[in-house]
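The values are calculated or read from the model by the stated rules, or taken from the named source; none is laboratory data. Just so it is clear, the structure is predicted and the values come from calculations on it, not from any experiment. Methodologically, a virtual Cβ is constructed for each residue, glycine included, from the backbone with ideal geometry; neighbour enumeration extends over all protein chains shown. Just so you know, the surface numbers come from the protein's heavy atoms only, side chains and all, with ligands and any DNA or RNA stripped out. Shrake-Rupley method; radii C 1.70, N 1.55, O 1.52, S 1.80 Å.
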Amino acid sequence: METFMDSVRIKPLTQTGEHSYHRRAFKHDYYAPFIYHIILKKAKDCESFGSVIGNARIAPGFPGCAGIKETELGKTIARSILNLPHEHPAIKPYQFRVMPDHVHILLQVLFRSDKHLDFYIAALRKRIATRYSKIKGEPIADKEIFEPGYCDKPLLLKRSLDALYRYIRENPHRLAMRQQYPDFFRRIRALPIAGEEYAAYGNLFLFRNPDKEAVKISRSFSNEELLDKRGAWLSGSSRGTVLVSPFISPAEKEIRSEAEALGGGIILIVHEELPARFKPAAHDFALCAEGRLLIISLGLPAAAKLTRPICERMNALAQTIAQL
């Protein structure tokens, strides 16, 4: 059966390096009952679906926190999603979030259908276009509202439904944080360090802080040496010293956790390249939101195996940064 996705050039999940709103789970049975996280991306020339309101510093769920004020088009999208079960009983939306340039939908296909998931997404897009055409008083095609294709992420066993709920619900908070505090989420493509250039993401002011200390724990350290260094690192961190390290070993990871608990700043060295649409994971995002994290990458290909020489390069870079 040919679907409306067949004519769209799709980036498969195995490709890495750049986030895509058109990724599909290949070899997946799209006729079977399943829960999906769907993302629809706004067409380039289409008006915004909404705008950020509220204060990013207020935690999600509290009065005054960040949210999205939907445009008329955004409201049309929301109403169409809510009406999905009435038009297609096989589909049950659990949660959705209309963002300024994309839409998140968490939905379930309730029972095996003779229709591919593409059919339901195409029907939703067309319904949105039809309803908005009536509001505007002129014909509008769904391709004028959304980019071709969509991204779907089946809820596999290793993925948490609660985590997906939280991720979709807190999307406005993350966008508001990036908009209202851009210095904490800066993307630097060519940060010069000792004659080389590195990609970086986060609060660049940490790099400019003259008080930096490299963290590296050697197996040759005696217990007394380790205690002395640990005390110096954490004491410095509590007083504004920025700790720089790849934090590879369990002991180094513990130092990082303790420094974060003390309110310290961290420059994290990673070996893999930062994708074009890189976004830090939840823990690191929270640190970025507080202005306490800068990530600097060696720029190696994604999924590159972490070897001893690479670890030595990261530690050497940390030492260089600390001495700047």
Worksheet item: Residue by residue through region 109-115, which ³J(HN,Hα) values in whole Hz follow from phi under the Karplus form 6.51 cos²θ - 1.76 cosθ + 1.60 (θ = phi - 60°), with glycine and proline marked x?
Response: 7, 6, 8, 4, 10, 7, 10
Fill in: Backbone HN-Hα couplings from phi across region 84-101 [Karplus 6.51/-1.76/1.60, Hz, Gly and Pro as x]
3, x, 6, 8, 9, x, 6, 10, 10, x, 9, 7, 8, 8, 8, 9, x, 10
Item to complete: Using only protein heavy atoms and a 1.4 Å probe, report how much of residue 313 is accessible, in Å² to the nearest 10.
Response: 120
Worksheet entry | Cβ-based charge dipole, region 71-206, positive-most Cα from 85, 194, 172 | 85
Worksheet item: Helix-derived [θ] at 222 nm for the chain: sum -39500 (n - 2.57) over DSSP H runs of at least 4, divide by residue count, nearest 500?
Response: -10500 deg cm²/dmol
Worksheet item: Amide H neighbours of residue 65 under 5 Å, counting only residues 5+ apart in sequence or on other chains, H built in-plane at 1.01 Å?
Response: 55
Discussion item. Under a Cβ-only charge scheme (Lys and Arg +1, Asp and Glu -1), can you give me the dipole magnitude of the chain about the Cα centre, in debye to the nearest 20?
Written reply: 680
Discussion item. With an 8 Å Cα cut-off and a minimum separation of 6 or more residues, compute the relative contact order for region 170-222 in percent.
Written reply: 24
Discussion item. With a 1.4 Å probe and all protein chains kept in place, how much accessible area does residue 101 have, in Å² rounded to the nearest 10?
Written reply: 60
Worksheet item: How many lysine pairs in region 116-194, separated by 8 or more positions in sequence or lying on different chains, have Cα atoms less than 30 Å apart?
Response: 6
Worksheet, complete the sentence: Once 98, 52 are ranked on solvent-accessible area with the largest value leading and a 1.4 Å probe, the list reads 52, 98
Item to complete: Keeping the other protein chains in place, figure out the carbon and sulfur percent of the accessible area of region 226-276, with a 1.4 Å probe.
Response: 56
Worksheet item: What is region 125-198's relative contact order, in percent, from Cα pairs under 8 angstrom and six or more apart in sequence?
Response: 14
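Quick one: putting +1 on the C-beta of Lys and Arg, -1 on the C-beta of Asp and Glu, what dipole do you get for region 148-192 around its Cα centre, in Debye to the nearest 20?
Here region 148-192 has a charge dipole of around 140 debye.
From Cα pairs below 8 angstrom and at least 6 apart in sequence, can you work out the relative contact order of the chain, rounded to a whole percent?
Over the chain, the number comes to 18 percent.
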Worksheet item: What base-10 log of the normalised intensity I(q)/I(0) is obtained for region 226-324 from the Debye formula, alpha carbons as equal point scatterers, at q = 0.13, 0.15, 0.19, 0.24 Å⁻¹?
Response: -0.46, -0.62, -0.99, -1.44
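Please give the FRET efficiency for residue 305 paired with residue 180, using the beta carbon to beta carbon distance and R0 = 41 Å, rounded to the nearest 0.05.
Values: r = 39 Å, r/R0 = 0.94.
After rounding to 0.05, the efficiency reads 0.60.
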Worksheet entry | For region 150-155, Karplus couplings with θ = phi - 60° (6.51, -1.76, 1.60), whole Hz, Gly/Pro x | 6, 9, 10, 10, x, 7
Fill in: Solvent-accessible area of residue 241 with every protein chain in place, 1.4 Å probe, in Å² to the nearest 10
10
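Determine the shape class of region 44-89: with a ≥ b ≥ c the square roots of the Cα gyration tensor eigenvalues, call it rounded for a/c under 1.5, and otherwise prolate if a/b is greater than b/c, oblate otherwise. If you can, show how the numbers build up before the last one.
Working: a/c = 3.76, a/b = 1.57, b/c = 2.39.
Verdict is oblate for region 44-89.
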